[in-house]
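What follows is one structure encoded as structure tokens, with my remarks underneath.
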Amino acid sequence: MSGAGTNSMGRRPLLLSLIDGKGWIFLAVVAAAAVLVPLLNLAVPEGSAFHVPTYVVALLGKYLCYALLALALDLVWGYCGILSLGHGAFFALGGYAMGMYLMRQIGPRGVYANPLLPDFMVFLNWKELPWYWHGFDSFPFAALMVLLVPGLLALVFGWLAFRSRVTGVYLSIMTQAMTFALLLAFFRNDMGFGGNNGLTDFKDILGFNVQAQTTRCALFVATAIALVLGYLVARYMVTSTYGKVLVAIRDAESRTRFLGYRVETYKVVAFVVSAMMAGVAGALYVPQVGIINPSEFSPANSIEAVIWVAVGGRGTLVGAALGAVLVNFGKTYLTGALPEIWLFALGLLFVVVTLFLPKGIVGLLTQKRQQRQEISPRDESLAAEAGIGEAGAVEGGKA
Amino acid sequence: MIPDRGLTNTVLYLDGVSKTFDGFRAINNLALTLEHGEMRAIIGPNGAGKTTMMDIITGKTKPDEGDVYFDGTTDLTTLDEASIANLGIGRKFQKPTVFESHTVADNIRLALKDERGPWSALFGARNRIAPERIEHILEIVRLIDHHERLAADLSHGQKQWLEIGMLLAQDPKLLLVDEPVAGMTDAETADTARLLREIARDHSVVVVEHDMAFVRDLDCKVTVLHEGSVLAEGTIDAVSSNERVIEVYLGR
Ligand SMILES: Nc1ncnc2c1ncn2[C@@H]1O[C@H](COP(=O)(O)OP(=O)(O)OP(=O)(O)O)[C@@H](O)[C@H]1O
Ligand SMILES: [Mg+2]
């Protein structure tokens, strides 16, 4: 990565030049999926062996949402050592913001045919729309909230935690507590988010039927685009000097302070950007699965996301996305074939990765490639790259 | 007595400083002043409070009582580490602490004096640091041939030098250097003394060290710390013939 942030002219190079080999492979795969999946769904007749059924389109779209969540998590965990066990909360908040928009789109087509109030409010005998539901009939407003609500929570949480220098296990526990508190809150009927059942029975998004084949394909493409944008934002951040400071904080936090960096501000910025990305992932997830309920806040979801990143390789971005897709593919398969062993399989996977693959799949591949290159003159930038992906954060900063 | 801090020519002024850890007085009514451009060696047995003194100056540890002033007027006890660093106080740790997963050049890049905010690091000046500035520092600390290596791969002595290079890159007014030659060969130690003397020409420097030959090489005033306060102060010859100092060192 040396020199990636600056070229010989001392200028910040174009974004495209910041993408490395595995980044290009990643972008190519996502782009190919964005073209092929809808094509094979819409243009290939149902009987054909090449036809991709609509439910598979939605399933793949869900995987891409998880990939974006994993990318967001990798930005703070892989590069800054902030092990968030509460990223599912940001994902769910983005999901609820989108869900509220979709609820308002139902309009008078609900069971109770109330033009203003969603069914669950009529059922609870509510007479008017709570103030925080206002504005969600507008897509731009809802889209803004998808970014703002998780971003604001991350800002407040991060500012309090990082300023008080909460780190390590304590921080992880606090993030778990945060998502658990939200889980309990969203379960309550009087919160006005549909309680236990959450938000569902969606009809339209931007005037198109959410269930329609074409809408599903469009949502898939939108998710692929969001994933690519998320990757580009994260890649820009980690290759800039800002990213180098993040890694410095990860490896030797107090040393970074003694150089005059305000560690808490750096952490808050990363945490907020990451939370917003997770929010977008959640917002794209909801129309594709057709429901959002409080279980999305469950602490286990956030822990699962950490496992995806660990499996793919923390501190590599691409690895995080890959891990999310692979693990969820396994989950879909196993929960179908042998539902009772899924949790054990996940636990086992985590143990195996921690013990034998500390740098995850991508770390392993990078290492393999380096070993092959050892014979020829060693590519320095690759070596530096591997260092960035170092899983074991060096205990540092001790005076 | 209130000292005339604004007028006295001190870069560092400590008076009546005390710090207790769990009932143990690590720093006990410590007084020390350093003039602009001065180099000072601090010696003292293990546990004398040398590192704790640096912790207090750099904001890592808050003293229980006492005055700590920088440049005659700035009260350091109210500031945090980052603010103190940005005032122009740089520090090398006792255990060499460099950013192991960054290259040698990037370690210097991060240390170089410039804006420190995230905005600048994302989009601004921090990304436009001229390579010559990095190379210049690396030449001084003789790591220019290693500039693309990972800091983790350096030898112990090279890490010490890299950290000194990071200090130089910060271009502080005052450098606090904690045991810079621990783990170095005699030749490296002599080089380090030469380097520090050179740095001291236009910086104020405080060096903590056990190695007497090295301290003699530094050729500057020596302060002996013992049980958290100053036991003796003067030339190396004067303090090493001081009876109380001999007692403290031999009496252990
Ligand atoms: N954070 C702390 N908590 C408790 N005790 C501490 C702390 N920091 C220092 N001490 C104690 O204060 C005393 C002075 O320690 P300090 O590290 O300043 O000594 P030193 O002069 O630097 O010694 P050395 O030559 O071994 O580096 C020691 O007894 C140490 O155990
Ligand atoms: Mg010490």
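The values are calculated or read from the model by the stated rules, or taken from the named source; none is laboratory data. Everything quoted here is computed from the prediction, not taken from an experiment. All Cβ positions, even for glycine, are placed from backbone atoms using ideal geometry, and neighbour counts span all protein chains on display. Quick note on the areas: whole protein, heavy atoms, side chains included, nothing else; ligands and nucleic acids left out. Shrake-Rupley method; radii C 1.70, N 1.55, O 1.52, S 1.80 Å.
Nearest 10 degrees is fine. How inclined is helix A:168-187 to the longest principal axis of chain A, computing both from alpha carbons?
With both axes taken from Cα atoms, the answer is about 10 degrees.
How shielded is B:151-158 by partner chains, expressed as the average number of their Cβ atoms within 10 Å of its Cβ atoms?
Mean shielding count: 1.
How would B:Trp119, A:Trp342, A:Trp159, A:Trp24 line up by accessible area, probe 1.4 Å, largest first? Intermediate results must be reported in sequence, preceding the final value.
On the way: B:Trp119 180, A:Trp342 25, A:Trp159 135, A:Trp24 115 Å².
The residues order as B:Trp119, A:Trp159, A:Trp24, A:Trp342, largest area first.
Restricting attention to segment B:165-206, which trypsin sites (Lys or Arg not before Pro) occupy a DSSP loop and are surrounded by at most 12 other Cβ atoms within 10 Å? Show your work: numbers first, answer last.
Details: sites: B:Lys173, B:Arg194, B:Arg197, B:Arg201; in loops: B:Lys173, B:Arg201.
Sparse-neighbourhood loop trypsin sites (Lys or Arg not before Pro): B:Arg201.
Using Cα centres only, tell me the gap between segment B:25-88 and segment A:113-131 in whole Å.
Segment B:25-88 and segment A:113-131 have Cα centres separated by 65 Å.
How far is it, in nm, from the label point at B:Ile246 to the one at A:Thr354 when both lie 7 Å from their Cα along the line to the Cβ?
Roughly 5.9 nm, to one decimal.
Within 10 Å of each Cβ in peptide B:85-97, how many partner chain Cβ atoms are there on average? Round it to a whole number, please.
4
About the Cα centre, and with charges only on the beta carbon of Lys, Arg (+1) and Asp, Glu (-1), how big is the dipole of chain A? Nearest 20 debye, please.
840
Testing the spin-label approximation: label points 7 Å from Cα along Cα→Cβ at A:His51 and A:Arg109. State their distance in nm.
2.5
In terms of the Cα gyration tensor, with a ≥ b ≥ c the square roots of its eigenvalues, is segment B:27-126 rounded because a/c is under 1.5, prolate because a/b exceeds b/c, or oblate? Before the final figure, lay out the partial values.
Working: a/c = 2.22, a/b = 1.60, b/c = 1.38.
Prolate is the answer for segment B:27-126, as a/c is 1.5 or above and a/b outweighs b/c.
Between A:Phe141 and A:Gln367, what is the label-to-label distance in nm when each label sits 7 Å out along the Cα-to-Cβ direction?
Roughly 5.3 nm, to one decimal.
Quick one: if the Förster radius is 45 Å, what FRET efficiency do A:Leu36 and B:Ala125 give, using the C-beta to C-beta distance and rounding to 0.05?
That pair, A:Leu36 with B:Ala125, gives E of 0.55.
How tilted is helix B:156-170 with respect to the longest principal axis of chain B? Cα atoms for both, answer in degrees (0 to 90, nearest 10).
80
Any chance you could look up the accessible area of A:Arg369 with a 1.4 Å probe, heavy atoms only, rounded to 10 Å²?
Rounded to the nearest 10, that gives 110 Å².
When the convex hull of the C-alpha atoms of segment A:20-294 is computed, what volume per residue in Å³ does it have? Kindly include the intermediate steps, with their values, before the conclusion.
Details: hull volume 36.7 nm³, N = 275.
Taking only Cα atoms, segment A:20-294 has a hull volume of 134 Å³ per residue.
Over 30 Å between Cα atoms: which of B:Lys50/B:Lys159; A:Lys331/A:Lys368; A:Lys331/A:Lys359; A:Lys267/A:Lys331; A:Lys62/A:Lys203 fall into that group?
In this structure, A:Lys267/A:Lys331 lie more than 30 Å apart at Cα.
Just to verify a number: FRET efficiency for B:Thr77 and A:Gln213, C-beta to C-beta distance, R0 = 51 Å, to 0.05?
Details: r = 68 Å, r/R0 = 1.34.
It comes out at approximately 0.15.
What's the average, rounded to a whole number, of partner chain beta-carbon atoms within 10 Å of each residue's beta-carbon in B:107-113?
Average per residue, whole number: 4.
Let me make sure I get this right: for segment A:264-362, a, b and c are the square roots of the gyration tensor eigenvalues over alpha carbons, sorted descending. Under 1.5 in a/c it's rounded, otherwise prolate if a/b > b/c, else oblate. Which is it?
Details: a/c = 1.99, a/b = 1.13, b/c = 1.76.
Note, shape of segment A:264-362 comes out oblate.
Compute the long axis of helix A:213-239 from its Cα atoms, compare it with the longest principal axis of the Cα atoms of chain A, and write down the angle in degrees, 0 to 90, nearest 10.
30
What ranking of A:Thr175, B:Thr235, B:Thr20 comes out by heavy-atom accessible area, probe 1.4 Å, highest first?
Result of the area sort, largest leading: B:Thr235, B:Thr20, A:Thr175.
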